[in-house]
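> Just dropping this structure here.
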Amino acid sequence: MSTTTRRSNGPRTPQGKAAKFFDDRLNLAGPMRKQLNKVFPDHWTFMMGEIALYSFIVLLLTGTYLTFFFDPSSAETVYHGRYLPMQGIPMSRAYASTLNISFDVRGGLIIRQIHHWAALMFVGAMLIHMFRVFFTGAFRKPRELNWLIGLTLIVLGIIEGFAGYTLPDDLLSGTGLRIADAIMLSIPVIGTWVSFLVFGGTFPGDVIIERFYIAHVLLIPAILAALIGAHLALIVRQKHTEFPAPGRSEHTVSGERVFPTYAAKAGGFFFIVAAVLAALGGLAQINPVWLFGPYNPAQVSSGSQPDWYMMFLDGSTRLFPSWEVRLWGHTLAPLFWPTVVLPTILLTLAIGYPFLEAKMTRDTLPHNMLQRPRDVPVRTALGVMALTFYLVLFLSGGNDIIAKAFDISLNAMTWGGRILLLILPPLFYIVTYRICLGLQRHDREVLEHGVETGIVKVLPTGEFIEVHQPLGPVDAHGHGRLAYAGTQVPKRMNQLGAGTPLRHVRGFFYPVKEKPEIQAALDELEALEVDQHDVQHQLTD
Amino acid sequence: MSTTRSPAGVSAHELRDMTPEQAMLAGTEADGVHIVHRRDRFPVRGTKAEKRAERGVALAFLVSALAGVGFVVAFVALPFHWHLPGTPQTFRFYTPALGGLLAVMLLFMGVGLVLWAKWLMPEEEVVQDRHDEPSSEEDRLMTQATLAVGLEDTGLPRRSLILRTLGLAGGAIATVPLVAMVGAMIKKPGKQLEHTLFAPNTKLFPPSGRIPLVYSDWRRVSPDDLLPGSIATVFPGVHEEGPDGKNGITSAASPTLVIRLRPGQQIEARKGQAGFGWPPDAPEYLAFSKICTHAGCPASLYEQQTTRLLCPCHQSQFEVLKDAKPVFGPATRSLPKLPIDVEIGSDGRQYFVARADFNEPIGPAFWERS
Ligand code: HEM
Ligand code: FES
């Protein structure tokens, strides 16, 4: 009896049997359905974090490939590979194996280049993602923890990138490492000890490639992966924020379910990001180490640039005045301020901002709805100020190249950078603040008076007026009664009515003609939907 | 609202009688997920529009697969070995070809997936409850009590002896790995940063111990090698490796510039460095550390016209005629000057030697530097 019931209830298909196998052991049915049904909101600005995540995955894949061929050793060897211009030149095995990956390993060069492009994209996407979170207020309670994790990820990502950039042991990376050593040496009291600890003696020593290697392929990626996991777990736990819109509230999240639509879109987006990286890796040369030569402390190439995420430090170093402090027989190097103190201040400000803002605005409530930047003028202006400061530093990191390109003296570039660094941020603060207020005012104006139609009418009095289309019910004076709700306000006539689903005309060159019986069925359905729609309206009005 | 609300908590029996669609909806309701709007994009099956969409997605996947095949063919068949310029340069197409094909394969996979979701899967608008109410007062009270009683059970608040000794043991356990790991890496700086391999060495070069100046290929540097206004990078001619495994040429502290002034050019020597050039009374040859005093890049560009040395890293400029004093940029200190002299070699020619080490540490500043 029992056997027959079990048989009639039990799954018969292979998938069903597999599902039962796992469910019997792990009790998955409930929790799994919850995840499949989980709702994710959609907005193009939410893709920045995704790009960072997908770049990281590409980094893991390509990086693992590189470890199969890369030889992390400072030991000296003489080059005998396919790249003839380097034949017989003594160099480190790290550099030789990087040449090897580029010239002797089939397809090695493209993987190296994809790896490097993905590193640039990874840090860049994180930074843009951070600004998205900042300008929309997504860092507010309850999401401060993810703000902090995100900042840690950016810092670690930059360190990881620098470590990777150092590994090939070419002239450029060695020069960067030399400067990193000088930065360590500049730290008061412990600087020399830090430098000797890292390099195992004086620069460059013979352990640095080996140490950076293990940090680059194991230590930092493991921490990054753990933090990314925590970052995502918090998003799942706290659910995504969303922009306000009709039908949305603080207590719900709206969008698409993970299975199948969101999963298909997100999976597709991963491949698109990977495709862009593959195209860059194949078509755009990056870090051609064979042109730089092996590291040699006596040589440097002019006009050389670090990876972009290091440029702002390069810029701050170039702009900072040459102040050296001598105290009681000790030296405080000028390098200390722009490369240690300045980034520490920037990071501290970023860490403290969510808490500071909550304190200043006395805001203790949790928030799930994003804000439009214009609605929070002070924050937006502060963000633009920070961005301006960063950009001046960034551009100053390449001021010799700009000077050359536009035939400006370097002296002028340096002084210009110093002055702009002090003047532009406050100026942009004021301008941004004004723009925000202007945009706010225009939103209110449209809500009150309606959208400009572009139709000009002559009144019997001879007066010309432009006809405005009210957005909703109006009072006796013809003023709109809609309150601003933190959502986009339509400003042009063709933006009106976008809330109702649009029926696309199918077909690209000409409308598609369906077979008569199918067309009939379609018309019938459409009529039915319109009916339903009307009924709903009558019910809700 | 036309939400198909199914009562949460339907029985298995009821669920079995439902269509899959109904059972799915019951599941969403059970999870606090409300489908506000759900509409099949092709309620009538087999329309031309549907077939067109389906073919579009399939075409994307097909292109992806073909690009994959193309990648494998290119990977195996295309030439990729580097050849000298002047010979056929077909290898230059290898990486772009792979990149292009890889990108097409990935892109069309991605585009296919996205279009599939956008064109063919039902359009849905779904609202999910956040369930983000703060913990209930009851939960808070009970958890608080659980923690308090648990702590009481351990007796820690009363047994301060255990608390303190536990703190000590915990501190030890946290510290020991740190000490062991970091301790193993600590290297006492000592005086390494204050000296270079130019320091006189009577063992290697008896009797005077003066170190010869050499080029990077160990040839000795002679005054005749340099034309007026020219410059050369030289090193201490020490073959023996130091404790850091570096010899005179590979050590990062070694690179030094010898500059030959043009006739008529005179230098304003810094205090205590008057006789460092050669000849000592009317110096024509000067030697400075090549390592920038700012952050350690080689200050390698010499502008003959302005007699300035430029560091390409952050554009510090050093005025050679003022004993390499920094005149622009972030560097704060002059390039250290090497006291040089000339000896007659076994071949009868004149060669440079260092009379002594630099009289100050070369390169970037550090705390212990006085
Ligand atoms: C998470 C972020 C990562 C970043 C930002 C990053 C960045 C970089 C960069 C900029 C380079 C220099 C590439 C070049 O030669 O042009 C590099 C090299 C390298 N990376 Fe990564 N990487 C990351 C993760 C990984 C992982 C997870 C692995 C291995 C498991 C790895 C393995 C390597 C190896 C072996 C090299 C040296 C090979 C070479 O330069 O040709 N990387 N990395
Ligand atoms: S290292 Fe020479 S200017 Fe900075």
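> Do the conditions hold for B:V72, that is, is it loosely packed, with under 12 Cβ neighbours inside 10 Å, at the interface with chain A (Cβ under 9 Å from one of its Cβ atoms) and closer than 27 Å to B:L106 by Cβ?
Details: loosely packed, with under 12 Cβ neighbours inside 10 Å: yes; at the interface with chain A (Cβ under 9 Å from one of its Cβ atoms): no; closer than 27 Å to B:L106 by Cβ: yes.
Answer is no for this residue.
> Now for a separate question. If you go through segment B:272-320, how many residues are within 12 Å of chain A (Cβ to nearest Cβ), among the small types (G, A, S) and open to solvent by less than 10 Å² (accessible area, probe 1.4 Å)?
So the answer is 5.
One line per residue, one yes/no per condition, for (1) closer than 24 Å to A:I159 by Cβ; (2) at the interface with chain B (Cβ under 9 Å from one of its Cβ atoms); (3) without any contact (Cβ under 8 Å) to a residue 40 or more places away in the chain:
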{"position": "A:A263", "(1), (2), (3)": "no, yes, yes"}
{"position": "A:G268", "(1), (2), (3)": "no, yes, yes"}
{"position": "A:S301", "(1), (2), (3)": "no, yes, no"}
{"position": "A:D314", "(1), (2), (3)": "yes, yes, no"}
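> At least 1 residues that are buried (at least 23 other Cβ atoms within 10 Å of the Cβ) and touching a strand residue (DSSP E or B) at 6+ places or on another chain (Cβ under 8 Å) in each: list the helices (runs of 4 or more DSSP H) lying fully within segment A:143-229 that qualify. Walk me through it before giving the result.
Details: elements: A:144-166, A:171-186, A:191-199, A:208-214.
Fully inside segment A:143-229 and qualifying: A:171-186, A:208-214.
> Determine which member of the set A:R33, A:R82 is in contact with an Asp or Glu (Cβ under 6 Å, 6 or more places away or on another chain) and over 24 Å from A:A163 (Cα atoms).
Working: A:R33 fails: in contact with an Asp or Glu (Cβ under 6 Å, 6 or more places away or on another chain).
Only one candidate passes the filter, namely A:R82.
> A further question on this structure: Has segment A:5-13 got at least one residue that is at the interface with chain B (Cβ under 10 Å from one of its Cβ atoms) and over 30 Å from A:P288 (Cα atoms)?
Yes, segment A:5-13 contains at least one residue that is at the interface with chain B (Cβ under 10 Å from one of its Cβ atoms) and over 30 Å from A:P288 (Cα atoms).
> Could you check B:T165 against (1) touching a residue at least 40 places away in the same chain (Cβ under 8 Å); (2) out of contact with any helix residue (DSSP H, G or I) (no Cβ under 8 Å at 6 or more places or on another chain); (3) not acidic (D, E) and say which number it fails?
(1)
> Moving to a separate point now. Identify the residue in segment B:321-334 that is more than 10 Å from ligand 2 (Cβ to nearest atom) and not polar (S, T, N, Q) and, among all such residues, is most open to solvent (accessible area, probe 1.4 Å).
Step by step, filter segment B:321-334, then rank; the result is B:K325.
> Go through segment B:86-102 and report how many residues are at the interface with another protein chain (Cβ under 10 Å from one of its Cβ atoms) and either touching a residue at least 24 places away in the same chain (Cβ under 8 Å) or open to solvent by 60 Å² or more (accessible area, probe 1.4 Å) (or both). Full working, then the answer.
Let us first name the residues in segment B:86-102 that are at the interface with another protein chain (Cβ under 10 Å from one of its Cβ atoms), namely B:91, B:94-102.
Filter again for either touching a residue at least 24 places away in the same chain (Cβ under 8 Å) or open to solvent by 60 Å² or more (accessible area, probe 1.4 Å) (or both), leaving B:98, B:101-102.
Counting residues in segment B:86-102 that are at the interface with another protein chain (Cβ under 10 Å from one of its Cβ atoms) and either touching a residue at least 24 places away in the same chain (Cβ under 8 Å) or open to solvent by 60 Å² or more (accessible area, probe 1.4 Å) (or both) gives 3.
> I've got another one for you. Count, please, the residues in segment B:217-231 that happen to be surrounded by 16 or more Cβ atoms within 10 Å (Cβ to Cβ) and in contact (Cβ under 8 Å) with a residue 24 or more places away in the chain. Before you say what the answer is, go through the steps one by one.
As a first pass, look at segment B:217-231 and keep what is surrounded by 16 or more Cβ atoms within 10 Å (Cβ to Cβ): B:220-221, B:223, B:225-226, B:231.
Now drop any that are not in contact (Cβ under 8 Å) with a residue 24 or more places away in the chain, which leaves B:220-221, B:223, B:226, B:231.
Within segment B:217-231, residues that are surrounded by 16 or more Cβ atoms within 10 Å (Cβ to Cβ) and in contact (Cβ under 8 Å) with a residue 24 or more places away in the chain number 5.
> For segment A:11-44, which positions are under 30 Å from A:G281 (Cα atoms) and open to solvent by less than 20 Å² (accessible area, probe 1.4 Å)?
We begin by selecting, within segment A:11-44, every residue under 30 Å from A:G281 (Cα atoms); these are A:42-44.
Scanning segment A:11-44 gives no hits.
> Can you tell me how many residues in segment B:203-248 are away from chain A (no Cβ under 11 Å) and in contact with a Ser or Thr (Cβ under 7 Å, 6 or more places away or on another chain)?
3
> Sticking with this structure for a sec: Against the definition (at the interface with another protein chain (Cβ under 7 Å from one of its Cβ atoms), modelled with pLDDT under 95 and either in contact with a His (Cβ under 8 Å, 6 or more places away or on another chain) or not in a loop (DSSP other than H, G, I, E, B) (or both)), how does A:P334 come out, yes or no?
On the way: at the interface with another protein chain (Cβ under 7 Å from one of its Cβ atoms): yes; modelled with pLDDT under 95: yes; either in contact with a His (Cβ under 8 Å, 6 or more places away or on another chain) or not in a loop (DSSP other than H, G, I, E, B) (or both): yes.
In short, yes.
> Among the residues in segment A:275-282, are any in contact with a helix residue (DSSP H, G or I) (Cβ under 6 Å, 6 or more places away or on another chain), open to solvent by 50 Å² or more (accessible area, probe 1.4 Å) and closer than 30 Å to A:L99 by Cβ? Give the derivation first.
Start the filter on segment A:275-282 by keeping residues that are in contact with a helix residue (DSSP H, G or I) (Cβ under 6 Å, 6 or more places away or on another chain), which leaves A:275, A:277-282.
Okay, now just the ones that are also open to solvent by 50 Å² or more (accessible area, probe 1.4 Å), so A:280.
If we keep only those that are closer than 30 Å to A:L99 by Cβ as well, we get A:280.
Checked against the condition, which is being in contact with a helix residue (DSSP H, G or I) (Cβ under 6 Å, 6 or more places away or on another chain), open to solvent by 50 Å² or more (accessible area, probe 1.4 Å) and closer than 30 Å to A:L99 by Cβ, segment A:275-282 yields at least one hit.
> Follow-up. Yes or no: segment A:102-119 includes at least one residue that is buried (at least 22 other Cβ atoms within 10 Å of the Cβ), in contact (Cβ under 8 Å) with a residue 24 or more places away in the chain, away from ligand 2 (no atom under 16 Å from the Cβ) and more than 14 Å from every other protein chain (Cβ to nearest Cβ).
Yes, the conditions are met somewhere in segment A:102-119.
> Also: Here are some residues: A:G478, A:G507, A:G497. Which one is at pLDDT below 80, facing chain B (nearest Cβ under 10 Å) and assigned to a loop (DSSP other than H, G, I, E, B)? Don't jump to the end; show me each part of the working.
Details: A:G478 fails: facing chain B (nearest Cβ under 10 Å); A:G497 fails: facing chain B (nearest Cβ under 10 Å).
Checking each option against the conditions leaves just A:G507.
> OK, next. Given the criteria more than 30 Å from A:I101 (Cα to Cα), small (G, A, S), more than 14 Å from chain B (Cβ to nearest Cβ) and within 16 Å of ligand 1 (Cβ to nearest atom), does A:G150 qualify?
On the way: more than 30 Å from A:I101 (Cα to Cα): yes; small (G, A, S): yes; more than 14 Å from chain B (Cβ to nearest Cβ): yes; within 16 Å of ligand 1 (Cβ to nearest atom): yes.
Criteria met by A:G150.
> Just give me the residues in segment A:229-247 being more than 8 Å from chain B (Cβ to nearest Cβ) and basic (K, R), in sequence order.
Initially, segment A:229-247 is screened for residues more than 8 Å from chain B (Cβ to nearest Cβ), giving A:229-237, A:240-246.
Within segment A:229-247, just A:R237 meets the criteria.
> What number goes with the only condition from (1) assigned by TED's automatic domain parsing to the domain that holds B:Q304; (2) modelled with pLDDT under 95; (3) farther than 26 Å from B:Q265 by Cβ that B:V179 does not pass?
Of everything listed in (1) assigned by TED's automatic domain parsing to the domain that holds B:Q304; (2) modelled with pLDDT under 95; (3) farther than 26 Å from B:Q265 by Cβ, B:V179 misses just condition (1).
> Let me ask you something else. Check whether at least one residue in segment A:442-454 is of a type in the set (A, V, I, L, M) and either surrounded by fewer than 17 Cβ atoms within 10 Å (Cβ to Cβ) or free of Cβ contacts under 8 Å to residues at least 12 places away in the same chain (or both), and report yes or no.
Applying the first criterion (of a type in the set (A, V, I, L, M)) to segment A:442-454 yields A:446-447, A:451.
If we keep only those that are either surrounded by fewer than 17 Cβ atoms within 10 Å (Cβ to Cβ) or free of Cβ contacts under 8 Å to residues at least 12 places away in the same chain (or both) too, we end up with none.
Scanning segment A:442-454 turns up no residue that is of a type in the set (A, V, I, L, M) and either surrounded by fewer than 17 Cβ atoms within 10 Å (Cβ to Cβ) or free of Cβ contacts under 8 Å to residues at least 12 places away in the same chain (or both).
> Considering each of B:L59, B:L78 in turn, give the residue that is more than 11 Å from chain A (Cβ to nearest Cβ), modelled with pLDDT of 95 or more and surrounded by 13 or more Cβ atoms within 10 Å (Cβ to Cβ).
Working: B:L78 fails: more than 11 Å from chain A (Cβ to nearest Cβ).
Only one candidate qualifies: B:L59.
> Go through segment A:294-327 and give me each residue that's more than 16 Å from ligand 2 (Cβ to nearest atom) and touching a strand residue (DSSP E or B) at 6+ places or on another chain (Cβ under 7 Å).
Correct list: A:P294, A:V325.
> Then there's this: Could you say whether any residue in segment A:67-88 is within 14 Å of ligand 1 (Cβ to nearest atom), under 29 Å from the mean Cα position of the chain (by Cα) and surrounded by fewer than 20 Cβ atoms within 10 Å (Cβ to Cβ)?
yes
The values are calculated or read from the model by the stated rules, or taken from the named source; none is laboratory data. If you're wondering where the values come from, they're calculated on a predicted model, not measured in any experiment. Neighbour counts are summed over all protein chains in view; Cβ atoms, including those assigned to glycine, are modelled from backbone coordinates with ideal geometry. For accessibility, only protein heavy atoms count, side chains too; no ligands or nucleic acids. Shrake-Rupley method; radii C 1.70, N 1.55, O 1.52, S 1.80 Å.
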